[in-house]
Structures are given as C-alpha cells and as structure tokens.
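Before any comments, here is the structure.
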C-alpha cells in the first residue's frame, strides 16, 4: 500500500485510534506498528460484516481494497511507541 | 489483572504472538503494549464465539475471566517496540 495515501485517508480514523496510531480510548486498539496484513484482514472483515462492530462497520463500509491497502501500510509504518 | 500470572499463562500465546508480544507471522497481530481493555474484550469475544476465528476459538475457550484479565495486563505491560 501507499503510506502517504493511507495517511491522507486516515483523518477519520485518528479520532479514535489517535493521530499517531496510539488510541486514547481503552476499548479501541492501538494501530501504530501493527502487522500490515493483519490490519488489512480486519478492515475487510469489518467492511464485509465478517467481524461485527457497530462503530467500525460504517467506517469500513466505504473503503476500497486500495484504501485498505494504503491505510494498512500507513499504520504499520508508524512507530509502535507512538513517537 | 496480575502481570506475573499473565506471563505464566502466555506460554501458548507466545508461539504465534511472539515471546515479546511481537508476532513473527504477518496475519497475527502484535499484542505488546496493546490496550488492556481491548485485549480483554477480544479474548472474551473469541471465547464466546462473538468474534469468529478458527485458530483463536480453541485458544480462548478454556480461559477464565481471571486468565483473561491477567493475560491482558501482561501483554499491555510489554514494550510496544518489543524490547
């Protein structure tokens, strides 16, 4: 995926997952430095309803495979310690 | 949860999620430094079948709430950069 395109796409995600990919909300996961393939699998699962979550479903629904690849590359590229 | 008890319980988990909580397998998530509450919610979801995964279901099935609290505390306590 394209990290810059992923960053551009991540504005909405940052609200819950943090501008640096470290969530400020205990129920929501940190994404910074997570495995790229795992991230893509989860976004597709949310998009396709295979993994059910009322908050993530509408977030993932409009994403194309390319968006998902870019977002996955972006979050995987972030420093896991959030710096 | 009790971090030491979680560490003792984590022997099986380390096979996929890494001894330091950083997975060596692209499909499996890093757990080190993840949100404690998020980890507990996911383990319960796997245990109770709310979140479906053929690998995680048998792993989570035997876990008590206390095991889950301890494992969550343990993985949340690990350095997200895996050091």
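Throughout, read-outs are computed from the coordinates displayed, never taken from laboratory work. The structure displayed is predicted, hence computed values, not measured ones. Because the Cβ atoms are built from the backbone with ideal geometry, glycine has one as well, and the counts that use them run over all protein chains shown.
If a paramagnetic tag sat 7 Å from the Cα of residue A:83 along the Cα-Cβ line, which residues of the range B:9-36 would have the backbone N under 17 Å from that point? Only B:33 fall inside the zone, counting backbone N under 17 Å.
Kirkwood hydrodynamic radius of the protein assembly as shown, from the reciprocal of the average inverse Cα-Cα distance over all distinct pairs: 15.9 Å.
Calculated [222 nm] ellipticity per residue, helices only, for chain B: -15000 deg cm²/dmol; basis is -39500 (n - 2.57) per DSSP H run with n ≥ 4, divided by all residues, nearest 500.
Averaged over the residues of A:34-42, the number of partner chain Cβ atoms lying within 10 Å of the residue Cβ comes to 4.
Label-to-label distance for residue B:50 and residue A:11 is 3.3 nm, based on points extended 7 Å past Cα in the beta-carbon direction. Could you give the distance between the Cα centres of the range B:27-57 and the range A:1-63, to the whole Å? Centre-to-centre distance over Cα atoms comes out at 16 Å. Between A:24, A:34, A:42, the residue with the greatest mean-square fluctuation in the GNM of chain A (Cα pairs under 10 Å linked by springs) is A:24. Distances between copies of residue B:37, taken at a point 7 Å out from Cα along the Cα→Cβ vector and listed shortest first: 3.2 nm.
Taking a quarter of the surface of the convex hull around the Cα atoms of chain A, what do you get in nm²?
On the way: hull surface 19.0 nm².
For the Cα atoms of chain A, the hull's average projected area reads 4.8 nm².
Where chain A is rotated onto chain B, the residue of A whose Cβ comes nearest the axis, and that gap in whole Å, is A:80, 2.
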